[in-house]
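The values are calculated or read from the model by the stated rules, or taken from the named source; none is laboratory data. Here the structure is a predicted model, which means the values were calculated and not measured. Virtual Cβ from ideal backbone geometry, glycine too; neighbours counted across all protein chains shown. Heads up: the accessible areas ignore ligands, DNA and RNA and are worked out on the full protein's heavy atoms, side chains in. Shrake-Rupley method; radii C 1.70, N 1.55, O 1.52, S 1.80 Å.
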Amino acid sequence: MNDSVYVGNAGKDAALDRGWLLGHFKDAGDPRHSEAVEIKWGVHPGGDERSQWVKGEKRTALLVLISGRFRVEFPGRSVVLDQQGDYVVWGRNVDHSWFAEEESVVLTVRWPSVPGYAVTEQAQVRPQP
């Protein structure tokens, strides 16, 4: 077996690391370790929301709806994804948050992969921009 090849299942692997499949947070010897990009398979029950806004974003992101109805919030604007394949892209310095209007699966790709964006379990209030 080649140690630089990893075969998995997004649904199963995502459950092990808050949805994240690839990024700086994987062990350095793991083929899923990357400082260039992060990939997340997000499975969200209806009503699930990000507990705090991301402010001062340093990355570019692409979020693709696989199933469900998912809303991405930006200052002064909401984008609703409701058809499979709908997507939204945003860049650096774009504050954002999200809300699953119904049970949803989304694929998120962010680049570069940088630490500092995980929401702590202590964060319970969802501040508005």
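For Lys26, the lysines whose Cα comes closer than 23 Å to its Cα, not counting residues fewer than 8 places off in the same chain, are Lys12, Lys40, Lys58.
Per the helix-only calculation at 222 nm, which mean residue ellipticity applies to the chain, given -39500 (n - 2.57) for every DSSP H run of n ≥ 4 and division by its residues, nearest 500 deg cm²/dmol?
Values: 1 runs with 5 residues, N = 129.
Result for the chain: -500 deg cm²/dmol, rounded to the nearest 500.
For segment 63-120, the pair-distance distribution built from all alpha carbon pairs, in bins 10 Å wide starting at 0, is 22, 51, 26, 0 percent. Over the Cα atoms of the chain, the radius of gyration divided by the Kirkwood radius equals 0.96; this is the Rg/Rh ratio.
The order of Tyr87, Tyr6 by accessible area, most exposed first and with a 1.4 Å probe, is Tyr87, Tyr6. Computed about the Cα centre, the dipole magnitude for the chain is approximately 360 debye when only Lys and Arg (+1) and Asp and Glu (-1) carry charge, each at its Cβ. Annotation: amide H-H contacts under 5 Å for His96 (H modelled 1.01 Å from N, sequence separation of 5 or more, or interchain): Val54.
Got a number for carbon plus sulfur as a percent of the chain's accessible area, 1.4 Å probe? Please list the in-between numbers first.
Details: 3850 of 7580 Å².
Carbon and sulfur together cover 51 percent of it.
Put a plus charge on the Cβ of each Lys and Arg, a minus charge on the Cβ of each Asp and Glu, and nothing anywhere else: the dipole of segment 14-66 about its Cα centre is then about 140 debye.
Averaging Cα coordinates gives a centre for segment 10-34 and one for segment 65-88; these two points are 24 Å apart. Here the relative contact order of segment 2-83, from alpha carbon pairs under 8 Å that lie six or more residues apart, stands at 19 percent. Counted by Cβ distance under 14 Å from Ala28, the other residues give a net charge of -2, where Lys and Arg count +1 and Asp and Glu count -1. When Phe99, Phe25 are compared by accessible area at a 1.4 angstrom probe, the order from most to least is Phe25, Phe99.
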